[in-house]
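S.K.: One structure, pasted below without further comment.
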Amino acid sequence: MFDGTVFDGTVFDDTVFDDTVFDDTVSDGTVSRGTVPRTVLDGTMTDPSASAPATKPDVDFPTGPAPDTLQIRDLTVGHGEHARPGDRVRVHYVGVEFDTGAEFDSSWNRGEAIEFPLTGLIKGWQDGIPGMQVGGRRELVIPPEQAYGAASSGHRLGGKTLIFVIDLLAVR
């Protein structure tokens with residue numbers, strides 16, 4: 001399966017090639033089923049099965065006590081490249097407090113994904129993202145020791161167990 005955008009702005013995937021002809025600016029002037037050269041796309045062919053979910057997730061409010069170790073749960077398994085320790089990743093995420101469910105941060109609310117090296121993040125992300133595949137959605141429940149430390153650390157999230165739901169969009 002594939003999808004993309006023709007230079008004239010027409011969006012397509014392999015489910016819309018039922019004898020549909022797209023006008024284009026390539027030398028032959030048209031693109032039709034079976035003749036979609038890579039140069040017609042706006043950059044890359046993508047595999048929809050590797051696409052991360054396109055909507056902000058709802059975070060399930062936990063029951064019971066906060067865990068004292070990092071908890072990793074794949075909500076959607078991706079089919080793209082695996083993230084490795086130290087990689088630079090592009091993600092969408094939402095973070096909530098374990099005890100209250102209060103959202104404290106979300107790239108979704110800012111309207112754009114964020115990209116950064118894993119080495120510069122809290123330990124829970126450094127340990128929880130490697131092994132994840134592009135296109136996946138993963139929940140991390142991170143105890144204070146792997147997040148922002150004890151309540152006395154001075155950080156507003158110090159002493160708190162945090163829940164992140166992360167969509168891995170790219171690995172660089």
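S.K.: Run T119 past the list (1) within 13 Å of the chain's Cα centre (by Cα); (2) β-branched (V, I, T); (3) part of a helix (DSSP H, G or I) and report the number of the one that doesn't hold.
M.R.: (1)
The rows are residues; the columns are (1) of a type outside the set (V, I, T); (2) touching a residue at least 40 places away in the same chain (Cβ under 8 Å); (3) surrounded by 12 or more Cβ atoms within 10 Å (Cβ to Cβ).
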site	(1), (2), (3)
D68	yes, yes, no
L75	yes, yes, yes
G80	yes, yes, yes
A83	yes, yes, yes
V89	no, yes, yes
G101	yes, yes, yes
E112	yes, no, no
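S.K.: Of the conditions (1) part of a loop (DSSP other than H, G, I, E, B); (2) of a type outside the set (V, I, T); (3) at pLDDT below 95, S49 clears all except one; give me its number.
M.R.: (1)
S.K.: So is L121 crowded, with 21+ Cβ neighbours inside 10 Å, over 23 Å from H79 (Cα atoms) and assigned by TED's automatic domain parsing to the domain that holds P85 or not?
M.R.: No.
S.K.: Quick check: is even one residue across the stretch 142-152 within 16 Å of P67 (Cα to Cα) and in contact with a His (Cβ under 8 Å, 6 or more places away or on another chain)? Show your work before the answer.
M.R.: First, pick out the residues of the stretch 142-152 that are within 16 Å of P67 (Cα to Cα): 142-150.
Narrowing the set further to residues that are in contact with a His (Cβ under 8 Å, 6 or more places away or on another chain) leaves 148-149.
Yes, some residue in the stretch 142-152 is within 16 Å of P67 (Cα to Cα) and in contact with a His (Cβ under 8 Å, 6 or more places away or on another chain).
S.K.: Kindly list, by first and then second residue, each pair from a residue in the stretch 147-172 that is farther than 20 Å from I72 by Cα to a residue that is among the charged types (D, E, K, R) and surrounded by fewer than 21 Cβ atoms within 10 Å (Cβ to Cβ), limited to pairs with Cβ atoms under 6 Å and residues at least 6 apart or on different chains.
M.R.: Listed pairs, sorted by first residue: R172/R88.
S.K.: Another one. Against the conditions (1) out of contact with any Lys or Arg (no Cβ under 7 Å at 6 or more places or on another chain); (2) closer than 16 Å to P67 by Cα; (3) buried (at least 18 other Cβ atoms within 10 Å of the Cβ), where does G158 fall short? Just the number, please.
M.R.: (3)
S.K.: While we're here: Please work out which residue is modelled with the lowest pLDDT, limiting yourself to the stretch 59-87 and to residues that are of a type in the set (D, E, K, R) and under 20 Å from P143 (Cα atoms). So that I can check it myself, show each step before the final result.
M.R.: Of the residues in the stretch 59-87, the ones of a type in the set (D, E, K, R) are 60, 68, 73-74, 81, 84, 87.
Subsequent filtering for residues that are under 20 Å from P143 (Cα atoms) retains 60, 68, 73-74.
Working: D60: 87, D68: 96, R73: 97, D74: 97.
Restricting to residues being of a type in the set (D, E, K, R) and under 20 Å from P143 (Cα atoms), the top hit is D60.
The values are calculated or read from the model by the stated rules, or taken from the named source; none is laboratory data. What you see is a predicted model; the values in this text were computed from it and never measured. FYI the Cβ positions are ideal-geometry reconstructions off the backbone, even for glycines, and counts take in every protein chain you see.
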